[in-house]
1. If you scan the stretch 59-70, which residues turn out to be surrounded by 11 or more Cβ atoms within 10 Å (Cβ to Cβ) and either out of contact with any strand residue (DSSP E or B) (no Cβ under 8 Å at 6 or more places or on another chain) or among the acidic types (Asp, Glu) (or both)?
2. Exactly one condition in (1) open to solvent by 100 Å² or more (accessible area, probe 1.4 Å); (2) of a type outside the set (Ser, Thr, Tyr); (3) touching a Gly at 6+ places or on another chain (Cβ under 9 Å) is false for Asn41; which is it?
3. Check off (1) within 11 Å of the chain's Cα centre (by Cα); (2) without any contact (Cβ under 8 Å) to a residue 40 or more places away in the chain for Asp58 and give me the number that stays unchecked.
4. Is it true that Val65 is part of a strand (DSSP E or B) and without any contact (Cβ under 8 Å) to a residue 40 or more places away in the chain?
5. Report the residue count in the stretch 44-58 for those that are surrounded by 11 or more Cβ atoms within 10 Å (Cβ to Cβ) and in contact with a strand residue (DSSP E or B) (Cβ under 7 Å, 6 or more places away or on another chain).
6. Within the stretch 11-38, which residues are in a strand (DSSP E or B) and either closer than 20 Å to Asp66 by Cα or open to solvent by less than 70 Å² (accessible area, probe 1.4 Å) (or both)?
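The values are calculated or read from the model by the stated rules, or taken from the named source; none is laboratory data. Quantities reported herein were computed from a predicted structural model and do not represent experimental measurements. Because the Cβ atoms are built from the backbone with ideal geometry, glycine has one as well, and the counts that use them run over all protein chains shown. Side chains are part of the model used for accessible areas, which takes the heavy atoms of the whole protein and leaves out ligands, DNA and RNA. Shrake-Rupley method; radii C 1.70, N 1.55, O 1.52, S 1.80 Å.
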Amino acid sequence: MRAKFIVYSETRDAYGTVNYKARPVSTGSPENEEFFRTTPNGEISVTVKRIETAASLDLGAEYYVDFTRA
């Protein structure tokens with residue numbers, strides 16, 4: 001299953017750890033409206049300890065999220 005989320009929150013602690021929160025897209029384009037109609041609702045919270053990895057996520061940016069059985 002593929003979903004599309006937007007990062008809406010970024011917080012950093014005293015140790016440099018970054019926490020991101022993302023929610024499903026709902027508006028902004030026909031594609032976003034289609035994802036909103038056909039994929040689950042919810043929230044994703046991700047904690048990143050490496051600054052190099054944290055740099056790959058941007059507040060306000062949209063990302064595809066794939067749920068694939070391991």
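1. Glu62
2. (3)
3. (2)
4. In short, no.
5. Adding up the residues that qualify gives 7.
6. Within the stretch 11-38, Val18, Asn19, Tyr20, Lys21, Ala22, Arg23, Pro24 qualify.
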